[in-house]
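Have a look at the structure below, then the notes.
The values are calculated or read from the model by the stated rules, or taken from the named source; none is laboratory data. Please read all numbers here as calculations on a predicted model, not as lab measurements. Virtual Cβ from ideal backbone geometry, glycine too; neighbours counted across all protein chains shown. Areas reflect the complete protein model, heavy atoms only, side chains present, ligands, DNA and RNA absent. Shrake-Rupley method; radii C 1.70, N 1.55, O 1.52, S 1.80 Å.
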Amino acid sequence: MTVRPNPDAPIVGSAAHELNANLNFSERGLSDSMAAYWALCKLIREHEGGTEIETTIPWTVEPHPGTPVDAQQNPQEKLTISLYYGTDNDGNPAGSIAPHPQFDLSQDRGMWEPRIKIRGSGERKASFHIRPRYAEMEHVDTGDRIASPFDHDSQPDRGYNVRVQGSNLEPDEYLHYLREACKALAADVGESWGDGRFSDPLATSNISQYERYLRLSRKLSEKLTRQGGAFHQLAMLLSDQAGSKGAFFWDNKDVQGYMSRFLLDENAAGDMIPGHQNGAQLKNYHPEEVQADEEDPLHYPKFGALFTRQMSNVKLNDGTVPWSQRQALGRELEEKLVNVLAWAGVPIDPNALGAESESEFGAYVPDWHFRGTETHLEPELADDPTPKIERSQESMIVRSLQRMTNSGAGLTDQLLADGGHARYDRLAEEAEVSESTVYRWLARMGDAVESDNGVITFTSAQLREQFQEIIGRTVTSVQNAVDQAVRAADTVLEKDAYQRTAGDPFETWRGKWDAEVLEDGDVLNLGTCLPNPERGGKAAADAGDVVQDGLSAWKESGRGPGKFPQIVRFQNEHGDVEKGDPNELIQAANTDTVSKAVQQLAEMRFSGLDVVDAISEVKRMIDAGAGWSAEEIQAAVEEAGFDIDVEEAARPDFHIPETPE
């Protein structure tokens, strides 16, 4: 679980947006378990087929500021209520369900299906489609069976279903709306409506769609939608998780982040936040017509989390969620929202300031339904999954680079040029190597690449991107860049928090190296075995490199450099505990960079050669302008044990001996 710098700080609360549900009822204890259905049919007749009325009802949630009150100062909401029925193809008030033989109804006409639509304050609205239910129903025209939960032996054999659709109401408000609407419709014709109706949905009731949202400042929303932002990072990283499915869509039609959607299925949901069981769509979006007025809340985008079974042909969930779990589902949706925001580096305190250019509002922009106040759902904050997944992928990269040979670097570069996938024989042809070399390269690359029926691909899109960036950062010769690429693996994966990681950069670094700050902040203990840079070596990273990255992360997190621990404790590669001054370790790491590169160059370009071939290699490197200075090449040939004067060998008239000296 994430530990916030101020654990007592409030967390912004989301607002309910869309909801679709199927609620089943059977009125226990009454002589007729379909009493509410029959009562609505009677109201339709008394209203001569339908009506539209207005009424006011008490609020059951915190009302919008400026809401009118009654004589007792209780907030009241004005509703417009429409009552009507479904019709058949001839316009008759009927549905498709044949009446039960025991009902005193015409058997050749479908039963009525009353509908109620309600419009409340702002964009609050709800519609209810009430349908009769009994065991072994049949279609009135075809005689085909119509299945329903009332067919099951464990369920009542008669009742009714209420199909609920609406927006901007909390789930429990829908039945309050329905009960109050029925009371008003009954009162309008001098009837009464029982208080106990629509109060106890059966266990078979469920939710098929539910969305919660926040409204976020434009500048901060870019942390979700930009390249390298939260959506992009989660999509790339979760795409490598076994059994998961998802998608990432974007549309920057009128403004950056006009509509960005990240889909993750129920398997990926648990990888993203432990304990989560439901897939969802995370969506940052503007209204269809982007608003230019900065004082209008609609100028700023919504960030929503939607539970649904399928979206854009991607199956997100196997089924619906029981109505009895509506509070838990709402909490899970809100946890998705606030955790992704926190990981993206967006403050989740409702009182947080926004960007200076958007000083009219803070980080969150209230509208008619989203208040931008503290949550009541008590969401839990989880650790950002991206560093953990990145660390496992980073290990693949580092291991692959450490084992990479001259030809292997060329094959990696060629696979990138082919878009990350190619047949092994074509790859061998393009890289001008044998197929057996490709097989040896595959073995050295380990889990970073995979072969399926002769087609070679990177294990994930994220790995491909990381290799692409590492190779792109290297100097002109791929061969002389392996050591630099190993070092680049860290920097590629440790970009600034605004672009990549979310939360505290120093905490991310600390988790990566299992580091602890001890003894009142004086000692930094590294939990990873690392060589001492003062003794050189060929490791991809040493204690000085790690401390240097830690100091940078410390500063990024807003901590003063003068407060950085003054003693670094670590275990070297032999398991012996060492202590050092952080400044001296960093200085040693920086001066050691060239020597490590030289060692790598000596191993790659001169190992196993005789002096004649070594001189020829020197001349090729200098003639090709391979990016190495004469001093570095001189050091490399001496490291390899040759007594060659590089400047002398570079002369055009230098004679290469025919036999080794």
Hey, does region 500-512 have a residue that's modelled with pLDDT of 50 or more, of a type outside the set (Val, Ile, Thr), more than 25 Å from PHE564 (Cα to Cα) and part of a loop (DSSP other than H, G, I, E, B)? no
Is it true that some residue in region 149-157 is of a type outside the set (A, V, I, L, M, F, W, C), open to solvent by 20 Å² or more (accessible area, probe 1.4 Å) and in a strand (DSSP E or B)? no
Hey, which of the helices (runs of 4 or more DSSP H) in region 387-477, taking only ones fully inside, have at least 2 residues that are among the charged types (D, E, K, R), open to solvent by 40 Å² or more (accessible area, probe 1.4 Å) and at pLDDT 70 or above? 424-431, 435-445, 461-473
In region 98-147, which residue that is open to solvent by 90 Å² or more (accessible area, probe 1.4 Å), in contact with a Lys or Arg (Cβ under 8 Å, 6 or more places away or on another chain) and touching a residue at least 40 places away in the same chain (Cβ under 8 Å) is farthest from PHE370 (Cα to Cα)? ARG119
Test: residue in region 175-197 that is of a type in the set (Asp, Glu) and either under 22 Å from GLY319 (Cα atoms) or free of Cβ contacts under 8 Å to residues at least 12 places away in the same chain (or both): no
Yes or no: ILE586 under 41 Å from the mean Cα position of the chain (by Cα), modelled with pLDDT of 65 or more and surrounded by 14 or more Cβ atoms within 10 Å (Cβ to Cβ)? yes
What residue, among those in region 46-72 that are among the hydrophobic types (A, V, I, L, M, F, W, C) and over 19 Å from ASN168 (Cβ atoms), is most open to solvent (accessible area, probe 1.4 Å)? ALA71
Over region 103-114, the set of residues within 21 Å of ALA147 (Cβ to Cβ) and either modelled with pLDDT under 90 or charged (D, E, K, R) (or both) is GLN107, GLY110, GLU113
For region 282-321: of the residues being farther than 14 Å from TYR213 by Cα and part of a strand (DSSP E or B), which is modelled with the highest pLDDT? VAL321
Working only within region 242-292, note down all residues that are among the aromatic types (Phe, Trp, Tyr) and open to solvent by less than 30 Å² (accessible area, probe 1.4 Å). TYR258, PHE262
Within region 76-97, of all residues that are assigned to a loop (DSSP other than H, G, I, E, B) and closer than 19 Å to ILE44 by Cα, the one modelled with the highest pLDDT is SER96
Among (1) touching a Phe, Trp or Tyr at 6+ places or on another chain (Cβ under 7 Å); (2) at pLDDT 85 or above, there is one condition ALA614 misses while meeting the rest; what is its number? (2)
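Would it be correct to say that ARG212 is open to solvent by less than 10 Å² (accessible area, probe 1.4 Å), within 30 Å of PHE249 (Cα to Cα) and of a type in the set (Lys, Arg)?
Against the criterion (open to solvent by less than 10 Å² (accessible area, probe 1.4 Å), within 30 Å of PHE249 (Cα to Cα) and of a type in the set (Lys, Arg)), ARG212 qualifies.
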Please determine whether any residue of region 119-141 is within 29 Å of PRO63 (Cβ to Cβ), at pLDDT 90 or above, among the charged types (D, E, K, R) and not in a strand (DSSP E or B). yes
Lone unmet requirement of (1) part of a loop (DSSP other than H, G, I, E, B); (2) touching a residue at least 40 places away in the same chain (Cβ under 8 Å); (3) closer than 24 Å to LEU83 by Cα; (4) not hydroxyl-bearing (Ser, Thr, Tyr) for GLY166: (1)
